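The values are calculated or read from the model by the stated rules, or taken from the named source; none is laboratory data. Quick caveat, the model's predicted, so the values are computed rather than measured. All Cβ positions, even for glycine, are placed from backbone atoms using ideal geometry, and neighbour counts span all protein chains on display.
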Amino acid sequence: MLRTRKRRMMNQINVVPYIDVTLVLLIIFMVTAPMTNPGVVELPQVGQTLKQAAAPMVITVKKDGNTELDNQAFPRDQLLLNVRQKLEKDPGRSVVVAADEKVEYGKVIEVMDMLKQANVEKVGLLFKPVK
């Protein structure tokens, strides 16, 4: 006369304990995160400032697209020859491109690309700093 009852499978999950654990972990991380010390990078110091051995060559691109090398006007094919000649005399010298702000971006890139194709290693842009 013993009756055995069959247990039914439960198709529900109680998620309240999981939410409690999640909130406790969230609070722990929120409290401890400001206390951790992020990696501080100590940069190396140099005993003296770096100075260039010679003033850089300045290639100027004017509003009309004409180019100058050290205030002497040259067509673009002559410009590259003169840059190479000056770099043969002083190979450590750098080249900077100074362009008028009204010059199209593509013309400046053409000059820089021409210098890179000629294997000029030190190429940069010259700009006026904001005061």
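In the set Gln45, Gln85, Gln12, which member is loosely packed, with under 10 Cβ neighbours inside 10 Å, modelled with pLDDT of 85 or more and of a type in the set (S, T, N, Q)?
Gln85 is the lone residue from the list that is loosely packed, with under 10 Cβ neighbours inside 10 Å, modelled with pLDDT of 85 or more and of a type in the set (S, T, N, Q).
Return yes or no: is Leu79 in contact with a strand residue (DSSP E or B) (Cβ under 7 Å, 6 or more places away or on another chain) and either exposed (fewer than 10 other Cβ atoms within 10 Å of the Cβ) or touching a residue at least 60 places away in the same chain (Cβ under 8 Å) (or both)?
Answer is no for this residue.
Evaluate the following for Ile27: is it modelled with pLDDT under 85, farther than 25 Å from Ile109 by Cβ and among the aliphatic types (A, V, I, L, M)?
No; evaluated as a whole, the condition is false for this residue.
Taking the condition modelled with pLDDT of 85 or more and either surrounded by 11 or more Cβ atoms within 10 Å (Cβ to Cβ) or under 18 Å from Ala118 (Cβ atoms) (or both), does Met57 pass?
yes
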